[in-house]
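Below is one structure, written out as structure tokens; the observations come after it.
None of the figures in this text is laboratory data; all of them are computed from the coordinates on show. What you see is a predicted model, and the numbers here were worked out from it, not measured in a lab. Cβ atoms come from the backbone with ideal geometry, glycine included; neighbour counts cover every protein chain shown.
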Amino acid sequence: MQHYDVVIVGAGHAGAQAAIALRQAKFAGTVAMIGDEPELPYERPPLSKDYLSGEKTFERLLIRPPAFWVERDVEMLLGQRVTAVDPQAHTVSVGETAIGYGHLIWAGGGSPRPMTCSGHDYAGVHGVRTRADVDRLMGELATTKRVVVIGGGYIGLEAAAVLTKLGKHVTVLEAQDRVLARVAGEQLSRFYEGEHRAHGVVVRLGVMVASIEGEGDKVTGVRLSDDEVVPADMVIVGIGIIPEVAALIAAGAEGGNGVNVDRHCRTSLRDVFAVGDCAMHANDFADGAPIRLESVQNANDQATCVAKFITAGDAEAQPYHAVPWFWSNQYDLKLQTVGLSIGYDSTVLRGDPAARSFSLIYLRGGKVIALDCVNATRDYVQGRALVLAGSSPDPARLADPEQVLKELA
């Protein structure tokens, strides 16, 4: 039986960073990474941006060049899927093959949440999560004029922006009364809604999908709950992900919407860690609430936390404590977010949305907990100090674009 000192399940950002951080910490044991895609670890956020638009080749998305993994002696077991974990035997199953581990780092991420209505399996209905997803989508663009995007979150809006630039007629369907409703304040939602409409996107709010229509095996439209059919040659579904944790939960790990981890990213199973999109953890910047964070920052920082724990041990390793940050590129707008706006009770608008450069600052109990910065990189960089310090500045000074934010920390 193959045996490795560390087995990493998942070859995305979290899995790659776990292997990188182990070697940076001079870990000399054997390391294997098991990934269900055939590709070496690559960046996922550009899939719905630069890669879909054709501005970046796939090779430019690779997290490290192929030689890197060989030189660091990280064995890549790609195109393979872990189907079971035996925590007593310290093995994972890949088909009929058992692979032993000393430590297991689960970085399985998630899969796109599918539509469950009739017609969800028509050709032309796409998720956006992997290179293969986007390659299939791009292969149909030449014969596509009308695109319906289901879901007004970041993935959906980023795809809508790119496809609009490629000359497609795009309709966004969002069940709630504004886009980005789960992650942003209303002023930011209305700004992006206006931007998309100004670029020709049809944004439909408060609408429910009843079914996906088709002829033969090909999609032709999306039927709404009021029986209206929105014509479509292609449908993109962006309604979130399902954490890939079934094998861990079946093995007895605590969890549900993800797998529960402690402040060192340990699951309830001995020698088993979980990091990235699938890890449910108590986050200091969410007032200690248990959350999953779907971000590159979280994936990288949790992976580094685990690598340090494995190499340094419980006594010396530091618990996970990292300021969350995110970004989104749509048209010529760069949105940068620092902190978590969960539970905010007031906001301060800094700058003028009409000028297409502004920040929305979120407060809870008078303390700055997050900033959404649109084409305002200086606010984003300096606002990090306000979030870290839990600063309670005068709202009038926060709102003044002439006021240097770092002076308020």
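Provide the percentage of antiparallel DSSP beta bridges, counting only those with both residues in the chain; round to the nearest 5.
The antiparallel fraction comes to roughly 60 percent.
Filter 49/334; 49/406; 49/218 down to the pairs with a C-alpha to C-alpha distance above 20 Å, please.
Distance filter (> 20 Å) returns 49/406; 49/218.
Considering the dipole of the chain built from charges on the beta carbon (Lys and Arg +1, Asp and Glu -1) around the Cα centre, which of 300, 369, 385 is farthest to its positive end?
After comparing all options, I get 385.
From the residues 214, 104, 87, which one has its Cα farthest along the dipole of the chain in the positive direction, the dipole being from +1 and -1 charges on Cβ of Lys/Arg and Asp/Glu about the Cα centre?
104
For residue 143 and residue 187, what does the FRET efficiency come to when R0 = 35 Å and r is the distance between their Cβ atoms, rounded to the nearest 0.05?
0.35
Can you check what the net charge comes to around residue 208, using other residues whose Cβ is under 13 Å from the Cβ of residue 208 (Lys, Arg +1; Asp, Glu -1)?
So the surrounding residues net to -3.
Using the Cα atoms of the stretch 1-146 to build a convex hull, what is its mean projected area in square nanometres?
Its Cα hull, projected and averaged over all orientations, spans 10.8 nm².
Note the full-extension length gain between residue 73 and residue 263 as 0.36 nm times their separation in residues minus their Cα-Cα distance, in nm to one decimal.
Result for the pair: 65.5 nm of gain on full extension.
Using a basic spin-label model with each label point 7 Å from the Cα along Cα→Cβ, how many nm lie between residue 217 and residue 334?
Result: 4.4 nm between the two label points.
Based on the alpha-carbon gyration tensor of the stretch 104-180, what equivalent-ellipsoid semi-axes (square roots of 5 times the eigenvalues) come out, in whole Å, largest first?
22, 17, 14
Sorted from largest to smallest, which semi-axis lengths in Å does the alpha carbon gyration tensor of the stretch 19-86 give for its equivalent ellipsoid, taking the root of 5 times each eigenvalue?
Whole-Å semi-axes of the equivalent ellipsoid: 25, 17, 10.
Which percent, to the nearest 5, of DSSP beta bridges fully inside the stretch 85-230 are antiparallel?
So the antiparallel bridges in the stretch 85-230 amount to around 60 percent.
Sorted by average packing, counted as other Cβ atoms within 10 angstrom per residue and highest first, what order do 287-294, 255-262 take?
Going by the mean number of other Cβ atoms within 10 Å, highest first, we get 255-262, 287-294.
Mind checking which helices in the chain clear 15 Å along their axis (Cα) and have mean Kyte-Doolittle hydropathy of -0.5 or more, DSSP H runs only?
Within the chain the helices that satisfy the rule are 13-24, 154-165, 296-312, 377-389.
Can you give the Kirkwood hydrodynamic radius for the stretch 255-378, in Å, rounded to one decimal and based on Cα pairs?
That comes to 15.9 Å for the stretch 255-378.
Straight-line reach only, C-alpha to C-alpha below 23 angstrom: list the lysines that residue 308 could link to, leaving out same-chain residues fewer than 8 apart.
The qualifying lysines are 26.
Treating only the Cβ of Lys, Arg, Asp and Glu as charged (+1, +1, -1, -1), what charge dipole size does the stretch 192-328 show about its Cα centre? Round to the nearest 20 debye.
Dipole size: approximately 320 debye.
Please work out the Kirkwood hydrodynamic radius for the stretch 51-92, using every pair of different C-alpha atoms, and report it in angstroms with one decimal place.
13.6
Taking semi-axes √(5λ) of the Cα gyration tensor in Å straight from the coordinates, which label in (i) 31, 30, 18; (ii) 35, 30, 19; (iii) 32, 28, 22 is the correct one?
(ii)
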